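Heads up: the structure comes next, in structure tokens.
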Amino acid sequence: MSSSCLTSIGTPRIAVIGAGVSGALCAQALAQAGAQVELFDKARGPGGRMATRRHGEDAQALHFDHGATGFESHSLALQPWIRRGAQAGWLAPWRAQRPDGADPVRWVATPGMNEMVRQLVGTLPLQLGQAVSALHAQPQHTTAPESAPRRWRLQLGEQPLLPRSHDAVVLAMPPQQAAVLLEAHRPDWAEAARQVEMEPCWTLMAETDDPPAWPASLLRPAHGPIALLLRDNHKPGRRLRPGRACWVVQARPEWSQAHRDERPEQIVARLLDALRAEVNPGGDLPVHVAMAHRWLYSRPRPLLRAGPSCWWDAELGLGVCGDFLGGGTVELAALSGLDLAERIGREPPRPLLRERPAPADLHRQEQPA
């Protein structure tokens, strides 16, 4: 994307809400084009579903990629970013071994999947633990253009409005959450976002003894509650503990929905039983660490028809990107963020200019007294 489109109108200040891969790539592209970008995310760290859970505090701490476990990339638009990551050492190719062969080559971040988003965010201003509860458009007024304020102000939780304002806002978040913020400004987008069905996913993270005869890295069982079983410490750059195996187990969407409201400890017990049945049937599998995480918005259900990869309203200075628009993969989520940055470059946010009071009619004739 060329930076001339953005810098020609000055330096727009843009808030990106959501620090997953889509929001981070959009923010980085906008910043490289000259915009002043600020990121907000309600989580404790960047990543979104490019998430890594740490267990333990010392050098022996375990790490589990309990969100996206890796990604394939076929788009030329992502190749410069992938080459940069591979050269710097925070991306690595990996071919997971299945019991019946090998998966296609996928890219994984090292030492955990969230490192990819950390690198994309870089030095951009990032406000963590900040849930944006409302977007407020500036009221009408008649100040001169050079003193007019920026268009948007953000509210975090129940706090007062932020004192700083922004020319544009980008939402890079699950559609149900985006719909709440869109309702007052683009109700048609809000309704479309609400119509997207996102699948839940229960995920087990566990460390066990090495199974006696299961050297593979990945399995997609045809039956049962498990959709994906991954030996997480087989990926590049992961810590290996002798005699141990780290697992990430993703449950099927329909199973996750059926057990959606169960307690995590119940889910741990159910998925550990399923794990044992797959990797050591009829035998034991001693467990050292086990925990579960519920993703309420794991991935969008496949849509019946293709739609735009992002939404952008230049008049409002409001945009939306994310995998629910681009598709359900990391690659398509990334492309959605890049596509939105390109749209903003082509159609920059309109300045918040207000009409001055109409001048007096200089040709009006004064009436005699």
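For Gln60, what is the net charge nearby, where nearby means another residue's Cβ is under 14 Å from its Cβ and Lys, Arg count +1, Asp, Glu -1? The partial results should precede the final answer.
Details: positive: Arg54, Arg238, Arg239, Arg241, Arg244; negative: Glu57, Asp58, Glu207.
Value of the local net charge: +2.
Cα centroids of the stretch 36-59 and the stretch 70-111: how far apart, whole angstrom?
For the stretch 36-59 versus the stretch 70-111, the Cα centre distance is 21 Å.
Could you calculate the contour length gain from Asp188 to Glu265, that is, 0.36 nm times the residue separation minus the distance between their Cα atoms, to one decimal place in nm? If you can, show how the numbers build up before the last one.
On the way: separation 77, 0.36 × 77 = 27.72 nm, distance 4.04 nm.
The Asp188-Glu265 span can extend by a further 23.7 nm.
Give me the number: length gained by fully extending Ala43 to Thr329, i.e. 0.36 nm times residue separation minus the C-alpha to C-alpha distance, one decimal in nm. Intermediate values should be presented prior to the final figure.
Details: separation 286, 0.36 × 286 = 102.96 nm, distance 2.09 nm.
Net length gain for the segment: 100.9 nm.
Note down the magnitude of the dipole of the stretch 1-140 about its Cα centre, charges +1 on Lys and Arg C-beta and -1 on Asp and Glu C-beta and zero elsewhere, to the nearest 20 debye. Before the final figure, lay out the partial values.
Values: 12 positive and 9 negative charges, 24 e Å.
The dipole of the stretch 1-140 has a size of about 120 debye.
For the stretch 44-123, which trypsin sites (Lys or Arg not before Pro) pass both filters: DSSP loop (anything but H, G, I, E, B) and at most 15 other C-beta atoms within 10 Å?
Working: sites: Arg44, Arg49, Arg53, Arg54, Arg83, Arg84, Arg95, Arg106, Arg118; in loops: Arg44, Arg49, Arg95.
Answer by residue number: Arg44, Arg95.
Place a point 7 Å from the Cα of His288 along the Cα-to-Cβ direction; which residues of the stretch 237-267 have their backbone N under 13 Å from it?
From the stretch 237-267, the list is 239-247.
Quick check: pseudo-label points 7 Å beyond the Cα along Cα→Cβ at Arg346 and Gln32, how many nm apart are they?
Those two pseudo-labels are separated by 1.8 nm.
Give me the angle, in degrees from 0 to 90, between the Cα long axis of helix 264-279 and the longest principal axis of the Cα atoms of the chain, rounded to the nearest 10.
50
Which of the three applies to the stretch 52-106, rounded, prolate or oblate, going by the alpha-carbon gyration tensor with a ≥ b ≥ c and a/c under 1.5 meaning rounded?
Numbers: a/c = 2.44, a/b = 1.33, b/c = 1.84.
Taking the square roots of the gyration eigenvalues as a ≥ b ≥ c, the stretch 52-106 is oblate.
Cα gyration tensor of the stretch 21-137, axes a ≥ b ≥ c as square roots of the eigenvalues: rounded (a/c below 1.5), prolate (a/b > b/c) or oblate?
oblate
Ignoring everything but the protein chains, give the 1.4 Å probe accessible area of His234 in square angstrom, nearest 10.
Here the accessible area works out near 70 Å².
Quick check for me: using +1 on Lys/Arg Cβ and -1 on Asp/Glu Cβ, what's the dipole size of the chain about its Cα centre, in debye to the nearest 20?
Working: 40 positive and 38 negative charges, 102 e Å.
Here the size comes out at about 480 debye.
Using every pair of alpha-carbon atoms in the chain, split the distances into 20 Å bins beginning at 0 and state the percent of pairs per bin, rounded to integers.
Taking all Cα pairs of the chain, the binned fractions are 27, 50, 18, 4, 1, 0 percent.
Given R₀ = 25 Å, FRET efficiency for Ala213-Arg239 by Cβ-Cβ distance, to 0.05? Mind dumping the intermediate values first?
On the way: r = 23 Å, r/R0 = 0.94.
Efficiency, rounded to the nearest 0.05: 0.60.
Of Glu197, Glu158, which has the most accessible area and how do the rest follow, probe 1.4 Å? Working shown, then result.
Details: Glu197 100, Glu158 175 Å².
Of Glu197, Glu158, the descending order of accessible area is Glu158, Glu197.
Over every pair of different alpha-carbon atoms in the stretch 112-223, take the mean of 1/r and invert it; report that Kirkwood radius in Å.
Evaluated on the stretch 112-223, it is 18.8 Å.
Between His223 and Thr11, what is the spin-label point distance in nm, taking each point 7 Å from the Cα along the Cα→C-beta axis?
Spacing of the two 7 Å Cα→Cβ label points: 6.3 nm.
Rounding to the nearest 10 and keeping the result within 0 to 90°, find how far the Cα-based axis of helix 21-32 lies from the longest principal axis of the chain.
40
Between Asp273 and Asp103, take the C-beta separation as r, use R0 = 35 Å, and let me know the FRET efficiency to the nearest 0.05. Numbers along the way, then the final one.
On the way: r = 25 Å, r/R0 = 0.72.
Efficiency at R0 = 35 Å is approximately 0.90.
Among the GluC sites (Glu not before Pro) within the stretch 214-295, which fall in a DSSP loop and have no more than 16 other Cβ atoms within 10 Å of their own Cβ?
Working: sites: Glu254, Glu262, Glu265, Glu278; in loops: Glu262.
Qualifying residues, ordered by number: Glu262.
The values are calculated or read from the model by the stated rules, or taken from the named source; none is laboratory data. Everything numeric here is computed off the predicted structure, so don't read it as measured data. Heads up, the Cβs are rebuilt from the backbone with ideal geometry, glycines too, and the neighbour counts pull from every protein chain shown. The accessibility values were calculated without ligands, DNA or RNA, using every heavy atom of the protein model including side chains. Shrake-Rupley method; radii C 1.70, N 1.55, O 1.52, S 1.80 Å.
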